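Following: one structure in structure tokens, then a few remarks.
The values are calculated or read from the model by the stated rules, or taken from the named source; none is laboratory data. This is a predicted model, so every value here is computed, not measured. Cβ: placed from backbone, ideal geometry, glycine included. Neighbour counts: every protein chain shown.
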Amino acid sequence: MLQLGSQLDEEQRRSFLQAADRQGDRLRRLIEQLLSVARLESHVEPLTLSPVSVEQVARHVVDELRASAHGHTFDLRFDPSLPLIETDEAKVHQILSNLVENALKYSPPDTRVTIRGARMGDGVVVSVEDEGRGIPEEAQERVFDRFYQVDSSATRSVGGTGLGLYICRKLADLLGGRVWLERSGPEGTVFRLWIPGVPPTGRPVAEAPTPTVAELSR
Ligand SMILES: Nc1ncnc2c1ncn2[C@@H]1O[C@H](COP(=O)(O)OP(=O)(O)OP(=O)(O)O)[C@@H](O)[C@H]1O
Ligand SMILES: [Mg+2]
């Protein structure tokens, strides 16, 4: 279309370029998601450990996604005494990014997305809470399945491929942690991520404590 060059006015040219830019972003994201799935499923994804501030990671995620928020406000509530934990920062970032992206995508503009962080067991639990319409009860079991989308029709208003939560679960397993749907209803949805304070080597995933909500109630 841009080859039509002179037949386009400045406004049309800008709008085509913006559309091409958006398509490029979508394609890049899809390729990244597919590569993540391929690496995770073939167990070749290495862990790169360092002392990580989960609050810092959450703040970076929010800063990156602020531009794609439609008037949403972000509320970050982190326990100031949270310890640094020995984990893979890029993977924590990828999980939180997927959860916050969903919170933005599946809730109306001008609502609040709340991200809380607290201690749980020897690790840290982060919750991502939105004020969207929620996930129908019969679909709640399946949202972590590969390619599953509650509304997968071609006409659904938001894009995506149904890989985000599947990748979150695979990544959380790799960190020796857990990610789960805490609750969802007409008043909104809460997903939680628990990351252990020590790396998974020598610590089977099955030893992760059963999560409770008590530590997040303040
Ligand atoms: N916060 C939420 N509120 C309501 N529905 C949600 C929320 N998070 C996920 N879902 C539902 O779960 C489905 C699976 O989520 P997932 O992140 O795996 O895929 P996606 O967002 O559709 O696509 P992708 O993340 O690959 O771009 C979504 O399609 C949506 O129907
Ligand atoms: Mg998603």
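Filter region 37-68 down to the residues that are of a type outside the set (S, T, N, Q) and touching an Asp or Glu at 6+ places or on another chain (Cβ under 7 Å), then identify the one that is nearest to D173 (Cα to Cα). Working first, answer last.
Restricting attention to region 37-68, the residues satisfying the condition of being of a type outside the set (S, T, N, Q) are 37-41, 43-47, 49, 51-52, 54-55, 57-67.
Next cut, touching an Asp or Glu at 6+ places or on another chain (Cβ under 7 Å) only: 39, 47, 49, 51-52, 57, 65.
Values: R39: 14, L47: 12, L49: 15, P51: 19, V52: 18, V57: 19, L65: 25 Å.
Out of the qualifying residues, it is L47.
Results for (1) touching a residue at least 40 places away in the same chain (Cβ under 8 Å); (2) over 29 Å from G117 (Cβ atoms); (3) of a type in the set (K, R), shown as yes or no for each residue.
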residue: E11; (1), (2), (3): no, yes, no
residue: S15; (1), (2), (3): no, yes, no
residue: L35; (1), (2), (3): no, no, no
residue: A38; (1), (2), (3): no, yes, no
residue: E55; (1), (2), (3): yes, no, no
residue: R59; (1), (2), (3): no, no, yes
residue: L65; (1), (2), (3): no, no, no
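Taking region 37-73 on its own, how many of its residues are within 15 Å of the chain's Cα centre (by Cα), modelled with pLDDT of 95 or more and of a type in the set (G, A, S)?
1
Go through region 68-117 and count every residue that is within 11 Å of ligand 1 (Cβ to nearest atom) and charged (D, E, K, R).
The number of residues fulfilling the criteria is 2.
Give the residues of region 151-196 that are loosely packed, with under 15 Cβ neighbours inside 10 Å, in contact (Cβ under 8 Å) with a residue 12 or more places away in the chain and not charged (D, E, K, R), sorted by residue number.
The answer is V158, G159, W180, G185, P186.
Only one of R22, R26, R66 is of a type outside the set (D, E) and in contact with a strand residue (DSSP E or B) (Cβ under 8 Å, 6 or more places away or on another chain); which? Can you show your working first?
Values: R22 fails: in contact with a strand residue (DSSP E or B) (Cβ under 8 Å, 6 or more places away or on another chain); R26 fails: in contact with a strand residue (DSSP E or B) (Cβ under 8 Å, 6 or more places away or on another chain).
None of the other options fit; the residue is R66.
Being surrounded by fewer than 21 Cβ atoms within 10 Å (Cβ to Cβ), in contact with a Phe, Trp or Tyr (Cβ under 7 Å, 6 or more places away or on another chain) and over 21 Å from P196 (Cα atoms): is that true of R112 here? Please lay out each step first, then the result.
Working: surrounded by fewer than 21 Cβ atoms within 10 Å (Cβ to Cβ): yes; in contact with a Phe, Trp or Tyr (Cβ under 7 Å, 6 or more places away or on another chain): no; over 21 Å from P196 (Cα atoms): yes.
Answer is no for this residue.
So that you can scan it fast, the table gives a plain yes or no per residue for (1) away from ligand 2 (no atom under 15 Å from the Cβ); (2) in a strand (DSSP E or B):
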| position | (1), (2) |
| --- | --- |
| S107 | no, no |
| T114 | yes, yes |
| A118 | yes, yes |
| V128 | no, yes |
| G159 | no, no |
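For F78, state whether it is away from ligand 2 (no atom under 16 Å from the Cβ), buried (at least 16 other Cβ atoms within 10 Å of the Cβ) and within 30 Å of D151 (Cβ to Cβ).
Numbers: away from ligand 2 (no atom under 16 Å from the Cβ): yes; buried (at least 16 other Cβ atoms within 10 Å of the Cβ): yes; within 30 Å of D151 (Cβ to Cβ): no.
No: the conditions fail for F78.
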